[in-house]
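As structure tokens, the structure follows; a few thoughts come after it.
The values are calculated or read from the model by the stated rules, or taken from the named source; none is laboratory data. As the structure is a prediction and not an experimental result, all values here were calculated from the model. All Cβ positions, glycine included, derive from the backbone under ideal geometry; neighbour counts span all protein chains shown.
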Amino acid sequence: MTPPLSNLLQPVIRRYRAWQKWRGLSICWLLTAFAASAVHSLKKHGWQEPEWAFMAILILAALTGFIIWLGCRKISPDRRWISRQIEEEHPELNSKLMAAVEQRPDETGQYSYLQQRVISEAVRHAIQTGWSENLHSRQVVWARGFHWAALIIMIASLLHLRLPTAFAGVLPGDPAYETVATDIKVDPGDTRVEKGRSLVITARFSGPTPVNAHLVVSGDGEKAKIVPMVKAMNDPIFGTTIPEVDGPFRYHVVYEDKQSDEYQVTVFEFPRLEQSNIEINFPEYTGLDKQRTENTRRATAVVRSHIDVELELNKPVNSARLVAANRKLILKTDGTKAVANLKDFELIRSEIFDLQLIDDEGRTNKFDERFVFVALPNRPPEIRFKSPRGDQRVTALQEVLFEAEGWDDYGLTKFGFGYRVAGRDTVDHLMVTNAPAKDKRSFAKDISLEEVGLKPDNLMSYYLWAEDIGPNGKPRRVESDIYFAEIRPFDETFRENQGAGGGQQQNRQQQQGTPSEQLAELVKNITSATWKLRRMDYEEPARPTSTEPKEPKEQP
């Protein structure tokens, strides 16, 4: 059975035990009075009662009363029978209470949804109707009154008998008779509690234990609430729980016709993040509008973006910081407002920050609030030749088709190709301008080698180039690998058409290469190496494939 339902049935069970006790004692006192009256009647007819008659009747009455009292304390009525009695008094329950009493938890100690629903309805009805505190109260009152009447009758009957002298002068009301006072200790007394937490209040009695006790709770401007306290099984302790403390209040314990001192409960709060809003101002070259996101602790933007962080807290704080592995960011706070702000934070690299809040009493936030800032790289343009591919051997009268495509994450400002003939200046052709972000652009252009003025054994180099805006906001130029077009002599074609008779000798000559061909190959190697060194001077260093910051590992 669940604790709430058991707590509701406990007062009914106590009243049932009290009713049995008062009824049993009443019968015992009446039988004792009958015995005393019988002895007294025999005395009137000349019977001389023994000296021990009074003591025998008194001891027998006391012993019987003690047995009845002890038996009623240990009596454990069937809860289903108790539930049936309650159902008879409140037929609107429709057997819900009996069904709730019979519920048992599963192997894990939990109740299913339907079981919880039945129990909740029974508990709700008890709170609404108050049968837990009122059921059979009148029967207990009548039984108690009948008990005192029977006790008075018994005492009056015993007074007719002779009292032993040893007990003379020790009756209630005599100066030698002393009463026992009842003391109470309430815990936790005056205290401070975190807002939203529960609070357990207990009352320990020294001396006679009252039948019941109640907690009286009152707040500023609120009506006092009375909460029944539950007694421990064998200890003189009553207790109850306030599920959630949401503000300061006063309380005291009442029992019988007395009450304890009044105590004060105050509340405090740890600083806590309620909501965080992030606004991103992207670099001008991206062409993106500023972006604001509500209730987030994560921002992803290109490097050199500027980030504003707005924090809404549960209370004003003295300081707020975002703490990373190797640095701290100080947020601006207001001692009168529950806010904190970070303005114009420049995103250089991906980082993870933990929020640290400190209030005016030195309390810090209980829960970690993690902020993740991911810096996306501004990648250089991606360009490639579609035609021609690799080095070429061409004739001086040939036309060469140059085809290429390019792409950039934030847009190409310029895109083209260039070529250079040994001993001449480089010629650049601008083919594309101001391409939008992530828009792949292509171009094609025919170049007549005759118009360029190439002659046999000349060497022409060619390459692609493109420009975009780099992370520093300035134009950035990238170039592709360099390729070569070697002009074949006119007689080479004639030699290729020679008969097969001299084929072996021609093959040996081609494998060995002419001096001019060997010289051209050497020039290509030197030019390629120089070109690579030149590109390394301005190209960005290699970056890791992932820019996502790694979460710190928990220490065991």
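Values for this structure:
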item: Residue check for Ala299: within 30 Å of Thr413 (Cα to Cα) and not in a loop (DSSP other than H, G, I, E, B); result: yes
item: Wholly within region 364-447, strands (runs of 3 or more DSSP E) carrying at least 2 residues that are surrounded by fewer than 16 Cβ atoms within 10 Å (Cβ to Cβ) and in contact with a Gly (Cβ under 7 Å, 6 or more places away or on another chain); result: 427-433
item: Hey, Phe353 part of a loop (DSSP other than H, G, I, E, B) and hydrophobic (A, V, I, L, M, F, W, C) or not; result: no
item: Lone qualifier among Glu269, Glu310, Glu244, Glu284 - being out of contact with any helix residue (DSSP H, G or I) (no Cβ under 7 Å at 6 or more places or on another chain), within 30 Å of Pro377 (Cα to Cα), of a type outside the set (Gly, Ala, Ser) and modelled with pLDDT under 95; result: Glu284
item: Matching option when the condition is at pLDDT below 70 and assigned to a helix (DSSP H, G or I), among Ser41, Ser26, Ser6, Ser37; result: Ser6
item: Test result for Glu279, closer than 30 Å to Ala437 by Cα, part of a strand (DSSP E or B) and either among the charged types (D, E, K, R) or over 35 Å from the mean Cα position of the chain (by Cα) (or both); result: yes
item: When residues of region 312-330 are limited to those that are of a type in the set (A, V, I, L, M, F, W, C) and touching a residue at least 40 places away in the same chain (Cβ under 8 Å), the one farthest from Thr293 (Cα to Cα); result: Ala325
item: Verdict on Ser276 being surrounded by fewer than 17 Cβ atoms within 10 Å (Cβ to Cβ) and either aromatic (Phe, Trp, Tyr) or within 23 Å of Asp359 (Cα to Cα) (or both); result: no
item: Of all residues making up region 425-467, the number that are over 60 Å from the mean Cα position of the chain (by Cα) and under 19 Å from Glu399 (Cβ atoms); result: 19
item: Near pairs, Cβ below 9 angstrom, 6+ apart or cross-chain, from region 341-368 (not assigned by TED's automatic domain parsing to the domain that holds Asn318) to any residue that is hydrophobic (A, V, I, L, M, F, W, C) and surrounded by fewer than 17 Cβ atoms within 10 Å (Cβ to Cβ); result: none
